[in-house]
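For reference, the structure discussed in these notes is given below.
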Amino acid sequence: MKTKIPDFVKTNQFGLLLLVIVFILLFTFTTDGFSSRFNIYALSRVVAIDIMIGLAMMVVILTGGLNLSLGALGVSAAMFGGWCMESMGIPISISIILILLFGSLLGWINGYVTVKTGVHSFIVTLATMSIYFGFMTLLTEAEAFRKLPETFTDFGSMKLFNKYISPLLLLSIFTCFILFYLFKFTDIGRKLIAAGANPDAAELSGISVNRMFIYCHMLSGFLAAMAGIMLTARIGAAIPSMAGHLGFDWLLPAFLAPVIGGTLLSGGKVTVFGTMLGAMLVTLINNGLYLIDVGEFWVRFFLGLILLFAVLLDRAREYFTSKNSIVS
Amino acid sequence: MSNLLKKDWFGLGLVIILGSILISFFKPAFISPFNLYVLMLSVSLMLVVAMSQMIIIAIGQMNLSVGAIGGLVAISFTGLMEVYDLSILPAMFIGLGIGVICGFINGYITVKTGISAFIITLATLYIFKGMNLGITEAQPFYEIPEAIKYFGNAKIVGPIPFLIIIPVIITFLMWVLMNRTSLGRYMLAYGNNVQSSELMGISSTKIVVYAHIISGLLAAIGGMLVVCRLQLGTPNIGDSWLLPSFAAPVIGGAILAGGKVDVIATAFGVLLVAIISQTLVIFKIDPFFVQIFLGFMILIAVFINRYREYREDRRNKVFSNE
């Protein structure tokens, strides 16, 4: 115990970083297409959105709740954006602000109902999921917006750094830094964490827990709307089915990234960069599964196994660290 | 009488009866034999699915993989008959067995790791669904024995489908389980307070694993009932079960924190959801409205439950002051 190990090495993030590097090396040497410029560019576009989705779920998990309506909310916001830009001809920058406000509003509804009824956010967001998705399908008549302004769609297909990286990824990483700053250094961020970690204690020390929980849901809606915009830019169109039926396709990456990243499901602990690395790991494995050709249909099966494996590993880590702390 | 008023199912029953009278007044087609037949068919299927979720809600957890289990069993059941030429009975028992195994996996991992059932069943949802798609490659099985087709179409008397027998028996058995057996009472005790139920000497492992096994078994039965009705085994059976499976118990007054479920009220919840969906169809309202409606109904039920809790709290306070 005399050898000094830097604290960083002992963290979950470091383990994740190692895993990400190991997988990158593994796929680079065992498969043909992995390190090609095309594949890395495609990966950067996918992972950008997965990070955003993971962050959107993370901020609700902070409250000890979850947000099933994430996908439905993101798609609704994206379709609203398509309507703003294509049908109403509102300039892009104003449209984006409107979309983000719209997402926050839907998130506010989730938070408000959860706080007012005292029911677990699971059941509230299950209901709002079908409400948002239902209204979205009704209003759009399941038609896509395909004639978006070119400046907007060009952003989605732009290539940076010798054509390796999409600007979408930079946007996601930038968001990570802002969230990190929010939770680490601002008053409101600390209050959000305190409210999630121990609502009673937070309430006693003068924090309005209900308001904090509503803020978390609003932030989740904001980030989900952001993911919706990015997905629209990537595809070049706003399509009602782009997150699957009821937005369910977003749910697995949404939970995988924060859970692998070390966010506690009981609330009160967030790891922004853990979530980022978690999303990267998931995207890498997903991409690898396609490259080694397990068959399109089995990819889902393996992703489920990976989630199971990740939570079990997390459990084991917790078990051993608690054991160690008793000994010392 | 005042006892009756306090029951969860009483208000629901009243809403159902009054609503039905009102609807049939405006649209006599509502009580046409064909409409009643369709209504009862959809009630039959959703009843089993709702019970499958309800028993997990009773122990204070949730099971996202209900639909995935139903789908996996449905395609295994039909696949065994079509590809391996198994007769109906062995295929059925293997199907039930798969449901039990899936439930056991959910329950065992949940209780042994202490990780929330939500995450475990989200993972197994993808595992079971992935196996389903991996096996079928998204192609349905069409060759269903005549006996099953007959069972799915036959009527007992008038508009009453043959298929409804199984869900009715299951509902009765679930009522007996939750109200008349020690296992059922233990489940509710566990759902109410894990620590105190353990202190009473109730084995958590046993309770959680049994509840998930029953849930898996019921999901399996649900999957096979859909096969009987559709007359084919498609991989997307079970995909749309999640929302209704929670809607019925919640509308029936189940508290999601566990410890309180009502089998009869859940059954009424299923009936209410089915009637409303059917009515929207009769009034030629866009099917997507059904979804929105279901969402709103859950929210309304949640608010009503909250209000009743609040009122009960106040009444208890008055008594304690005396």
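Remarks
- Looking across region B:283-314 at every residue that is over 29 Å from B:K260 (Cβ atoms) and surrounded by 15 or more Cβ atoms within 10 Å (Cβ to Cβ), the one that is modelled with the lowest pLDDT is identified as B:F288.
- A:F301 within 11 Å of chain B (Cβ to nearest Cβ), of a type in the set (F, W, Y) and in contact with a Lys or Arg (Cβ under 9 Å, 6 or more places away or on another chain): yes
- Members of region B:121-159 that are more than 7 Å from every other protein chain (Cβ to nearest Cβ), surrounded by 15 or more Cβ atoms within 10 Å (Cβ to Cβ) and among the β-branched types (V, I, T): B:T121, B:I135, B:T136, B:I144, B:I148
- Of all the criteria given as (1) closer than 30 Å to B:D286 by Cα; (2) more than 20 Å from the chain's Cα centre (by Cα); (3) within 12 Å of another protein chain (Cβ to nearest Cβ); (4) without any contact (Cβ under 8 Å) to a residue 60 or more places away in the chain, the one not satisfied by A:C84 is (3).
- Pairs where the first residue, in region A:156-180, is without any contact (Cβ under 8 Å) to a residue 60 or more places away in the chain and the second is assigned to a loop (DSSP other than H, G, I, E, B) and crowded, with 18+ Cβ neighbours inside 10 Å, C-beta under 9 Å, 6+ apart: A:M158/A:S166; A:L160/A:S166
- Taking region A:185-202 as the range and being charged (D, E, K, R) and surrounded by 12 or more Cβ atoms within 10 Å (Cβ to Cβ) as the test, the residues that pass are A:R190, A:K191.
- Identity of the residue in region A:110-143, assigned to a helix (DSSP H, G or I), surrounded by fewer than 22 Cβ atoms within 10 Å (Cβ to Cβ) and more than 10 Å from chain B (Cβ to nearest Cβ), that ends up farthest from the chain's Cα centre (by Cα): A:T140
- If the condition is being buried (at least 24 other Cβ atoms within 10 Å of the Cβ) and either touching an Asp or Glu at 6+ places or on another chain (Cβ under 8 Å) or within 13 Å of another protein chain (Cβ to nearest Cβ) (or both), then region B:97-116 contributes B:C102, B:N106, B:T110.
- So A:I173, is it within 15 Å of A:G54 (Cβ to Cβ), among the β-branched types (V, I, T), touching a helix residue (DSSP H, G or I) at 6+ places or on another chain (Cβ under 8 Å) and not in a loop (DSSP other than H, G, I, E, B): yes
- Qualifying positions in region B:138-168 - touching a Phe, Trp or Tyr at 6+ places or on another chain (Cβ under 6 Å) and assigned to a loop (DSSP other than H, G, I, E, B): B:A154, B:P159
- Flag if A:M218 is touching a Leu at 6+ places or on another chain (Cβ under 7 Å), of a type in the set (A, V, I, L, M) and at pLDDT 90 or above: no
- Residue check for B:F289: free of Cβ contacts under 8 Å to residues at least 12 places away in the same chain, more than 20 Å from A:F135 (Cα to Cα) and part of a helix (DSSP H, G or I): no
The values are calculated or read from the model by the stated rules, or taken from the named source; none is laboratory data. Everything numeric here is computed off the predicted structure, so don't read it as measured data. Here the Cβ is made from the backbone with ideal geometry for all residues, glycine too, and neighbour counts use every protein chain on show.
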